[in-house]
Amino acid sequence: MRTAALHNLGCKVNAYETEAMQQILEDAGYQIVDFGDKADVYVINTCSVTNVADKKSRQMLHRAKAKNPEAVVVAAGCYVQAAAERLEEDAGVDLIIGNNKKKDLAVILENYFEQKRGEKGSYVIDIAHTGEYEDLHINRISDHTRAFIKIQDGCNQFCSYCIIPYTRGRIRSREIADIEKEVKALAGKGYREIVLTGIHLSSYGKDLREETNLLDAVRLVHGIEGVERIRLGSLEPRIVTREFAQALKEMPKVCPHFHLSLQSGCEATLKRMNRHYTPEEYLEGCRILREVFENPAITTDVIVGFPGETEEEFEETREFLKKVHFYEMHIFKYSRRAGTRADRMPDQVPESVKTARSEALLEMERQMSLEYRKSFLGKKCEALLEEPEVIGGKRYVTGHTREYVRIAVENGCRGEIVTGIPEKMLTDEVALL
């Protein structure tokens, strides 16, 4: 029996695809081992969102070959799409498999071994000219309470800092019957929370023959027996209309936890980023969510130090973030990515300035997050328990509320949904239920 080890880099969609490739190998008879162990096959699902991600992808590929020089090292995913020619010349990589070809992993490996470890194989399509949604699926995952389900791929937005439309291609949606089949199988195995994800989730259904949208997918999952909670991955701010929010509110399994990608609170910066909304339009979406849902969790992404970002523009962003008052913010220092318009823009911001701005927003994020978590003290909460954990030398079982606030209970079982009133914080991030 051959052994295989897999390593994931990048986003939740990549993580889903890595799980799917692992199950493809298991079904083909491979024994899965830890990536730190010696294996016959190493599969690295790469990321190419920044130059740093490219570098990490190369490092992991070479690390795998160093662990076992006789192993077959497989590079898969986004970095393959961005740098296929470079990887074809890399002696440390044996097979390169682009997006939309991961489903063929077992067959590709079988052919390679049958050829007695033949010449390097390259399986990369022109991702910009395909309308095919790759048939990857999972029926079990490592987390026994929450399942991430990929329902959409590709992006048509072409933000000036982003390489993803070139590595993932244009929008492609999963057939709704296929979503139903996978979710039913997972719910039947005890997964109680489903997270719908995609590269540009808000565009789900726009490419399908029948008129379908994201709400249709949510309604479908909502009707599946065994599913107790539904979360949505990152949303485009413009999708949040009153009709959209009200439709979600009418489905009680939908958690009031919304990630609306912002990137900047300055209109001039947003225009340079080629983001198609204004700060005021973004703020209106947040107002709608807070009118329709009681104290919803609203989280976001922010890029600091984008080319041309002046001190005045940064201050506009900082004041806007205060106005919205997020639950959590993921703060990123702008990282140049070859092949994007932003990489060629003048007035690149010095790294020291990016660091100072990032630290200022991270401190704001810590304060706002703590305020939001404390707002649930003394109020009835429902939490899905996920894993045992030691906090302050004492054993607890931790999980998350519907708003994704982390809680701990002294007695409980993984997969159990508990209700109670948290009265104090164990740490700045965990409340005791």
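Within the same chain, lysines fewer than 8 places from LYS65 are excluded, and of the rest, those with a Cα less than 19 Å from its Cα are LYS38, LYS55, LYS56, LYS116, LYS120. Label sites at THR278 and HIS62, each approximated as a point 7 angstrom past Cα along Cα to Cβ, lie 4.9 nm apart.
Straight-distance candidates among the aspartates and glutamates for linking to LYS322, with alpha-carbon spacing under 17 Å and chain neighbours fewer than 8 residues away dropped: GLU267, GLU280, GLU281, GLU284, ASP301, GLU311, GLU312, GLU313, GLU359, GLU363, GLU365, GLU371.
Assuming R0 = 22 Å, what is the FRET efficiency of GLU114 and ASP34, from their Cβ-Cβ distance, to the nearest 0.05? The partial results should precede the final answer.
Details: r = 27 Å, r/R0 = 1.24.
For R0 = 22 Å, the calculated efficiency reads 0.20.
Counting only DSSP beta bridges with both residues in the range 290-433, what percent are antiparallel, rounded to the nearest 5? Numbers along the way, then the final one.
Numbers: 18 of 26 bridges.
Taking every DSSP beta bridge with both residues in the range 290-433, the antiparallel ones total about 70 percent.
If you take all other residues with their beta carbon under 11 Å from the beta carbon of PHE314, and give Lys and Arg +1 and Asp and Glu -1, the sum is -4.
Within the straight-line cut-off of under 18 Å between alpha carbons, the lysines reachable from LYS379 are LYS424, sequence neighbours fewer than 8 places apart in one chain being disregarded. Rounded to the nearest 500, the 222 nm mean residue ellipticity of the chain from helices alone is -10500 deg cm²/dmol, with -39,500 (n - 2.57) taken per DSSP H run of at least 4 residues.
For the chain, what proportion of DSSP beta bridges, expressed in % and rounded to the nearest 5, is antiparallel? Let's see the in-between values first.
Numbers: 20 of 63 bridges.
That works out to approximately 30 percent antiparallel.
For the range 230-286, the list of GluC sites (Glu not before Pro) that fall in a loop by DSSP and count at most 11 other C-beta atoms within 10 angstrom reads GLU250.
Candidate values (1) 19.8; (2) 21.6; (3) 23.0 were compared with mean projected area of the Cα convex hull in nm² computed on the shown model; the agreeing label is (2). Neighbours of LYS323 by Cβ distance under 11 Å: Lys/Arg scored +1, Asp/Glu scored -1, total 0. For a test of the definition: using alpha carbon positions, the gyration tensor, and the 1.5 limit on a/c, classify the range 115-239 as rounded, prolate or oblate. Oblate. Can you tally the net charge around ARG170? Count Lys and Arg as +1, Asp and Glu as -1, for every other residue whose Cβ sits under 15 Å from the Cβ of ARG170. Its environment carries a net charge of -1. Placing a label point 7 Å from the Cα of LYS206 along the Cα-to-Cβ direction, no residue of the range 323-356 has a backbone N closer than 12 Å.
Between GLN246 and GLU180, 0.36 nm times their residue separation minus their Cα-Cα distance comes to what? Each step should come with its number before you reach the end.
Numbers: separation 66, 0.36 × 66 = 23.76 nm, distance 2.31 nm.
Once the chain is fully extended between GLN246 and GLU180, it gains 21.4 nm.
Between ARG341 and ASN411, the FRET efficiency estimated from the beta carbon spacing at R0 = 35 angstrom works out to 0.05.
Only the coordinates and a few stated rules stand behind these numbers; no lab work does. From a predicted model like this one, the values you see are computed outputs, not experimental measurements. Positions of Cβ are generated from backbone atoms using ideal geometry, with glycine treated the same way; all protein chains shown enter the neighbour counts.
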